[in-house]
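The values are calculated or read from the model by the stated rules, or taken from the named source; none is laboratory data. In this text, all values refer to a predicted model and were calculated from it rather than measured experimentally. In this analysis, Cβ positions are derived from the backbone assuming ideal geometry, glycine residues included, and neighbour counts consider all displayed protein chains. Just so you know, the surface numbers come from the protein's heavy atoms only, side chains and all, with ligands and any DNA or RNA stripped out. Shrake-Rupley method; radii C 1.70, N 1.55, O 1.52, S 1.80 Å.
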Amino acid sequence: MELTLNEKRLLVALGSAGTADAVVLAEKMETRREAVVQYANLASERGLVDVDKHVSRRYVPTEEGRAYIGKGLPERQVLESFEETIPMRDLQAHPLAKIAIGWMRKKGWITLRDGVVTKTGKTAPGPDEAAFARLAERGEIPDGEGVADLVKRGLVEEEETVAHTVSITPRGRELLSRGLDLREEVGTLTREQILSGEWKDLPLRRYDVTKLPRRAYPGKVHPYQRLIDEMRCVLFDMGFEEMAGGIVQSSFWNFDALFQPQDHPAREMQDTFFLGERWPLPAGYERVRDMHEHGGETSSTGWGGTWSAAKAEQCVLRTHTTGLSIQHLATHPNPPVKAFCIGRVYRREAIDPTHLAEFEQLEGIVMDEGVNFRNLLGFLKEFYAKMGFEKVRFRPGYFPYTEPSVEPEVYVDGLGWVELGGAGIFRQEVTAPFGIEHPVLAWGLGISRVAMLRLGLRDLRQLYRSDVEWIRETPTYGGRR
Amino acid sequence: MAVITLPYRYLERLTGTDRQTIIDRVPMIGADIERIEEDHVDVEFFPDRPDLYSPEGVARAMRGFLGIEEGLPVYTVRPSGITFSVDPGLADIRPCLGSAVIRNVNLDEESIESLMSLQESLHWAVGRGRGKVAIGVHDLDTVTPPFRYIASPRDRSFVPLDFEREMTMEEILTEHPKGRDYAHLVENFDKFPLIVDAEDRVLSFPPIINGELTRVTTGTKNILLDCTGTDRKAVMTAVNIICTALAEAGATIEAVTVDGEEMPALAPVERVVSVEECASLLGLSLTGEEMARHLRRMRFGAEPDGDSRVRVLVPCYRSDILHDWDIFEDVAIAYGFENFDAALPATSTVAWEHPITTIARGVRSVMTGLGYLEMMPFTLSNDRVLYANMQREPTPGTLRLLHPISEEQTVVRTDLLPLLMEMLLANKHRELPQRLFAVGDVVENCVTSQMAAAVSIHPAADFSEAYAAADVLCRELSLTYEVAESTDPAFLDGRRGDIIVDGRKVGVFGEIHPAVLTAFDLEHPVAALALDLTAVPGYPVPPGTP
């Protein structure tokens, strides 16, 4: 048990008498009574002293009361200012006459006849005067006869006093008998103390480890960004290179290059954010046009109809990052290519807890000689397992730019099978116009879905309009899944 | 999306198996089960498979998939002797017509409902909202062939479906609910498409509404189908899907002669595909016979053609088969996605981080080290937040959405600082100090680049804090910079600096102007900075363009 210096000093002060009033102890310890009580309470928690708290009521003079101390109540002072009789007019000249005359008459000390005041002779002091005399003597009086009258007249007032009697316990006495170190405690260790070796003898103040510390908030990467970085690490581990690109894309790269027919519903203004801006078509766009119109030189029939260059020039906020994948492949047509991108994509959707007009999409591609559908499933299994989704299954899916297409589902405790992303092999209609000769495995997923599952969010907006408190309270390391 | 209602009893009768088998297996041909009800199941099929938009079509596919009936379904078409003519005046309005006669239909309320639902799904998936294709189904016995598809004056009148009085076609466009929905498809033409019989009675005003005269009821025995549109291939797809679905239900199909051409043509299309190409794409070892067997389960006609090829007959309703790989996907589905042995490929490559994210990672490291919390605000914002509240003029080259969905999101952000100010407002009730930063995309003139910004709000936030943060961020990003007095109206005069690199202004810092604080409803001083990351050495050129 470690005592504070003040507790030790208290025990020493108590030492000889064993019991003392806090006021007395305060004098001895050269401090305030309140401080003594505080030390005593601490020591009492440790069983070293007992504190006896005694509440008493007493009466002390008010400001008016103090004015009469030593002189007597106003009626006594006025009564003694004249002999047996006095004309009322003369009596009224006395400075206290206003208060006194009423009380003298009330107490039956005087009679008034024909403008002359005459003493009755029954002027012995009553209990109020006796109490007031005791007050004058001692400065304060306990409750008793006559005090209530003085309170009523506003001459005295009640004051509650709490007395603390501190007594040392046998345990305290034992401790005291062993001797106490009464040197001043040190809060901060100084350079001088360290260099001089003085620290060896310093009584360093001890801290109470049960008290909570001040709450500190570190700077932090956003929880969602941490999740994104985790995914990037998984893909780096698997040997992928990272892609980045503009969030504004021409319809050509966002749709046409991906063999999305020009009359596809996704290309209407209900689903996609169109911009007034246009962007010139890249060299060789004719091969994409031919693919749409008749399937180019592949086994495809194409969509038929006439392909519009003007429609392809219209800029949109990218609806996926797949446009970046095909641009990357167009500039890196030689195998092998393994690339990914995590970027914001846009859908013209009204905002609610589970739908946003913008969110992050992860997209990965693998292009190599001889890669196949089994490999695509292998990649998906590996990636999801590394993201903590051990159970994965596959169903046929549909995406305009892949064939075959697959919808992966992962098993989530409490939710069951959850659809997470989409995948497939790029159609030849997509790859052939850019001279890509080998199969391209591609997959994508909306990672805000993963964020909801992993961060336990109910409202996607929390990711983008974040509560500072939420970020402060979300641990940097979430524990092993 | 096309959600198809499949009544169990009808489906079980057509398929020849029990409902549970169907519910268990239908997702594996490519579908999402939406709802399982007591007497039916609602299933969503993909937009490339409109042939599955009816119970008959689903039963046909499931019979194959479950091995009950395999191979190409054969539909015979007998002549009806009925002719149809197309007015050349429709060439620029709605030129294509497909037609067929379907006899001996056996309709009850449920099957009429199902037929209407197939029509609506086809309007959506194939017809692109009736523009490309619109479908009309008529009680053949109420009218007299031959039929004529004509360009009619707009004031021609008839009784439209669901009405009791004659209306002109112009009235229909403004008064009939369907007229109002689809008026945009025809209202710009001088003449309107119209289908009439030998006695000049109106069957239909495509693509808007049929006449009440030919309404299909439970008493209807024989149907005349009309599909009109702007794309011949799509029109024929719709005809084929409807005819074969009704044939699956027991009806007989008869041909109509449209300007000398017999239709429908329900014959399959032949494709000869490579076994090796399929096996290689799917990663399976397959013989031609195995491949053909898989395809027959998907209702293709398929026979090996030598060792290396398979001769495939594609049913007339499979409009999704554009390319050989579309056939290979069906091989994969028949093989069963659950049976594939998933395997990582041997492809060995080296990871590489994009410089943009390397730089962003640097910003995160510095700013979190300074005690800042990262925010990831929306990239869509509005003029009030980006410019008016900041006392700034709109940046030239700001992109505006043509059809925004809310007033809050009308432009693409050109700066991150205003969005962080908005974040401070959203977190006004949280403990101070708050230090927030963001790093991310901004767009000007269609070009995407990256920027970093930071704000610090607390009673003692001042110029020195902003300067110190800006300085350390620049130094840590190896950016050699100079500082000049700024004139940015978002900041207090005398307490603002521009970051200059190679004579170009690339950033700003200082104390936010009190009027800006007030505009964002903030009550404490804010020290802020913004930095254009294209100035950082090693920033990739060119930045993101469309």
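The table for this structure:
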| read-out | value |
| --- | --- |
| Residue count for the stretch B:456-483, restricted to those that are aliphatic (A, V, I, L, M) and crowded, with 22+ Cβ neighbours inside 10 Å | 6 |
| Those residues of the stretch B:26-45 which are within 11 Å of chain A (Cβ to nearest Cβ) and surrounded by 20 or more Cβ atoms within 10 Å (Cβ to Cβ), in sequence order | B:26, B:29, B:30, B:31, B:45 |
| Some residue of the stretch B:380-394 being closer than 23 Å to residue A:351 by Cβ, open to solvent by less than 20 Å² (accessible area, probe 1.4 Å) and within 7 Å of another protein chain (Cβ to nearest Cβ) | yes |
| Of all residues making up the stretch B:141-154, the number that are in contact with a helix residue (DSSP H, G or I) (Cβ under 8 Å, 6 or more places away or on another chain) and either in contact (Cβ under 8 Å) with a residue 60 or more places away in the chain or closer than 24 Å to residue B:255 by Cβ (or both) | 5 |
| Selection from the stretch A:425-444 of residues that are crowded, with 24+ Cβ neighbours inside 10 Å, more than 54 Å from the chain's Cα centre (by Cα) and among the charged types (D, E, K, R) | A:429 |
| Positions within the stretch B:486-501 being open to solvent by 20 Å² or more (accessible area, probe 1.4 Å) and either among the basic types (Lys, Arg) or touching a residue at least 60 places away in the same chain (Cβ under 8 Å) (or both), in sequence order | B:489, B:495, B:496 |
| Residue within the stretch B:344-363 that is more than 29 Å from residue A:234 (Cα to Cα) and not polar (S, T, N, Q) present | no |
| Candidates B:319, B:285, B:308 - the one that is touching a helix residue (DSSP H, G or I) at 6+ places or on another chain (Cβ under 8 Å), polar (S, T, N, Q) and under 26 Å from residue A:304 (Cα atoms) | B:319 |
| Filtered residue count, the stretch B:120-153, keeping only those that are of a type in the set (Phe, Trp, Tyr) and closer than 30 Å to residue B:49 by Cα | 2 |
| Tabulated pairs, the stretch B:414-427, first without any contact (Cβ under 8 Å) to a residue 12 or more places away in the chain and at the interface with chain A (Cβ under 8 Å from one of its Cβ atoms), second open to solvent by less than 10 Å² (accessible area, probe 1.4 Å) and among the small types (Gly, Ala, Ser), C-beta under 9 angstrom, 6+ apart or interchain | B:426/A:466; B:427/A:466 |
| Flag for residue A:374 being within 22 Å of residue B:34 (Cβ to Cβ) and either facing chain B (nearest Cβ under 7 Å) or of a type in the set (Asp, Glu) (or both) | no |
| Matching option when the condition is in a loop (DSSP other than H, G, I, E, B) and at pLDDT 95 or above, among A:366, A:371 | A:371 |
| Failed item in (1) within 24 Å of residue B:123 (Cβ to Cβ); (2) crowded, with 18+ Cβ neighbours inside 10 Å; (3) under 31 Å from the mean Cα position of the chain (by Cα), with residue B:14 passing the rest | (3) |
| Pair list, Cβ < 8 Å and 6+ apart or interchain, from the stretch B:174-198 residues that are without any contact (Cβ under 8 Å) to a residue 12 or more places away in the chain to residues that are surrounded by 13 or more Cβ atoms within 10 Å (Cβ to Cβ) | B:174/B:180; B:174/B:183; B:175/B:167; B:180/B:173 |
| Residue count, the stretch B:264-286 (criterion: more than 13 Å from every other protein chain (Cβ to nearest Cβ) and within 30 Å of residue B:96 (Cα to Cα)) | 5 |
| Residue B:271 vs. criteria free of Cβ contacts under 8 Å to residues at least 40 places away in the same chain, touching a strand residue (DSSP E or B) at 6+ places or on another chain (Cβ under 8 Å) and of a type in the set (Lys, Arg) | no |
| Yes/no for residue A:409 being more than 8 Å from every other protein chain (Cβ to nearest Cβ) and part of a strand (DSSP E or B) | yes |
| Of all residues in the stretch B:395-410 being open to solvent by less than 70 Å² (accessible area, probe 1.4 Å) and more than 28 Å from residue B:486 (Cα to Cα), the one that is farthest from the other protein chains (Cβ to nearest Cβ) | B:410 |
| Residue in the stretch B:367-379 that is nearest to the other protein chains (Cβ to nearest Cβ), counting only those that are assigned to a helix (DSSP H, G or I) and not aliphatic (A, V, I, L, M) | B:368 |
| Residue match in the stretch B:262-270 (condition: out of contact with any His (no Cβ under 6 Å at 6 or more places or on another chain), open to solvent by 20 Å² or more (accessible area, probe 1.4 Å) and farther than 27 Å from residue A:293 by Cα) | no |
| Conditions (1) in contact with a strand residue (DSSP E or B) (Cβ under 7 Å, 6 or more places away or on another chain); (2) within 11 Å of chain B (Cβ to nearest Cβ); (3) buried (at least 20 other Cβ atoms within 10 Å of the Cβ): number failed by residue A:421 | (2) |
| Residues satisfying the stated conditions in the stretch B:502-516, i.e. in contact with an Asp or Glu (Cβ under 8 Å, 6 or more places away or on another chain) and buried (at least 16 other Cβ atoms within 10 Å of the Cβ) | B:506, B:507, B:508, B:510, B:511 |
| Residue in the stretch B:98-110 that is in a helix (DSSP H, G or I) and either without any contact (Cβ under 8 Å) to a residue 12 or more places away in the chain or open to solvent by 10 Å² or more (accessible area, probe 1.4 Å) (or both) present | yes |
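For (1) open to solvent by 20 Å² or more (accessible area, probe 1.4 Å); (2) small (Gly, Ala, Ser); (3) away from every other protein chain (no Cβ under 11 Å); (4) out of contact with any strand residue (DSSP E or B) (no Cβ under 9 Å at 6 or more places or on another chain), each residue gets a yes or a no:
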site	(1), (2), (3), (4)
A:331	yes, no, yes, yes
A:335	yes, no, no, no
A:356	no, no, no, yes
A:364	no, yes, yes, no
A:368	yes, no, no, no
A:379	no, no, no, no
A:386	yes, no, yes, yes
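For every residue, the table says whether it meets (1) within 30 Å of residue A:239 (Cα to Cα); (2) among the aliphatic types (A, V, I, L, M); (3) surrounded by 19 or more Cβ atoms within 10 Å (Cβ to Cβ); (4) within 11 Å of another protein chain (Cβ to nearest Cβ).
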{"residue": "B:295", "(1), (2), (3), (4)": "no, yes, yes, no"}
{"residue": "B:300", "(1), (2), (3), (4)": "no, no, yes, no"}
{"residue": "B:304", "(1), (2), (3), (4)": "no, no, no, no"}
{"residue": "B:310", "(1), (2), (3), (4)": "no, yes, yes, no"}
{"residue": "B:318", "(1), (2), (3), (4)": "no, no, yes, no"}
{"residue": "B:326", "(1), (2), (3), (4)": "no, no, yes, yes"}
{"residue": "B:330", "(1), (2), (3), (4)": "no, no, yes, yes"}
{"residue": "B:337", "(1), (2), (3), (4)": "yes, no, yes, yes"}
{"residue": "B:341", "(1), (2), (3), (4)": "yes, no, no, yes"}
